[in-house]
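Down below is the structure, laid out as structure tokens.
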Amino acid sequence: MKLNLRFALAAALAISVSFMSCKKTDKNTADSTDLATHSDDQSRVSSANDDVANDANNISDHEAAFNGRPGSPSSIMGQLPCNATYILDSTATDRRLTITYNGLNCQGNHTRTGTVTLTMPLGQHWADQHAVLTIQTTDLHITRVSDGKSITIAGTQTITNATGGRVGMLTTGSPAIVHEIASPGITVTFDNGSQRNWQVAKRGHLHMMAVSLSALKERIQKVE
């Protein structure tokens, strides 16, 4: 009887340890899954926000009303994102341009619908040092084509041209143009209905690199 009791206790202990081990493994798996999900969310939001900032910079750099080149024709049409239209609707105090997205991006890996409004005080041009461009994103819905996952972004951020200058003024080997991007909080809604508040604080360095493609040169923006 004592032997059987000892065996029963040993078996119970073994089962207990086995259950505890399984529970720990499940937790580790859950932690790994949560970490992967969080990493993917971070990547999606950061990439989407960078795309908006790059679109805003390209358009401001080429729209005559923003870029500080008096009398120069606007070359914005060649810089518009794919499947996007814009309206220049400045007010008595602000330069204002509204972009409406409605379809695939140029890379064909995301669809975007929604609006982004760019504003800048009338007394500033985008080439000015410390010029501030305000970006108001309104229900920008972004869907990843590969798996159908989506996010919706709403909120305000600013881009400050810390050094001054425009991308169109860069030459090979010239100093980088530095932009500071900031937001106290952008609301991001995920496709499962959950929401998070994303704060933004980063610096972008824009360089000119010469690339030979059929005797053409391309400007490549590098965000660090």
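Go through segment 120-145 and give me each residue that's closer than 21 Å to residue 180 by Cβ, touching a strand residue (DSSP E or B) at 6+ places or on another chain (Cβ under 9 Å) and surrounded by fewer than 19 Cβ atoms within 10 Å (Cβ to Cβ).
Step one: filter segment 120-145 for residues closer than 21 Å to residue 180 by Cβ, giving 120-121, 123-137.
Filter once more, keeping what is touching a strand residue (DSSP E or B) at 6+ places or on another chain (Cβ under 9 Å): 120-121, 124-137.
Across segment 120-145, the qualifying residues are 121, 124, 128, 129, 130, 132, 134, 136.
Please verify whether segment 71-84 includes one or more residues that are outside any helix (DSSP H, G or I), of a type in the set (S, T, N, Q) and at pLDDT 85 or above. Before the answer, list the steps.
Narrowing segment 71-84 to residues outside any helix (DSSP H, G or I): 71-75, 79-84.
Okay, now just the ones that are also of a type in the set (S, T, N, Q), so 72, 74-75, 79, 83.
In the following step, the residues that additionally are at pLDDT 85 or above were identified as 83.
Yes, because at least one residue in segment 71-84 is outside any helix (DSSP H, G or I), of a type in the set (S, T, N, Q) and at pLDDT 85 or above.
Out of the residues in segment 145-168 meeting the condition of being within 15 Å of residue 203 (Cβ to Cβ) and part of a strand (DSSP E or B), tell me which one is farthest from the chain's Cα centre (by Cα).
Filtering first and then ranking leaves 161.
Can we say residue 148 is more than 24 Å from residue 107 (Cβ to Cβ) and either surrounded by fewer than 16 Cβ atoms within 10 Å (Cβ to Cβ) or free of Cβ contacts under 8 Å to residues at least 60 places away in the same chain (or both)? Spell out the reasoning first.
Details: more than 24 Å from residue 107 (Cβ to Cβ): no; either surrounded by fewer than 16 Cβ atoms within 10 Å (Cβ to Cβ) or free of Cβ contacts under 8 Å to residues at least 60 places away in the same chain (or both): yes.
Taking the combined requirement at face value, the residue does not satisfy it.
If I ask for residues that are in a loop (DSSP other than H, G, I, E, B) and surrounded by 15 or more Cβ atoms within 10 Å (Cβ to Cβ), which ones from segment 85-117 would you list? Even if it seems obvious, please write down each step before you answer.
As a first pass, look at segment 85-117 and keep what is in a loop (DSSP other than H, G, I, E, B): 89-93, 105-109.
Answer for segment 85-117, where residues must be in a loop (DSSP other than H, G, I, E, B) and surrounded by 15 or more Cβ atoms within 10 Å (Cβ to Cβ): just 105.
Got a sec? Which of 137, 172 is under 17 Å from residue 55 (Cα atoms), in contact (Cβ under 8 Å) with a residue 24 or more places away in the chain and of a type in the set (Ser, Thr, Tyr)?
On the way: 172 fails: under 17 Å from residue 55 (Cα atoms).
The conditions single out 137.
The values are calculated or read from the model by the stated rules, or taken from the named source; none is laboratory data. Not measured: the values here are computed from a predicted model. Every residue, glycine as well, gets a Cβ built from its backbone with ideal geometry; the counts of neighbours run over all protein chains shown.
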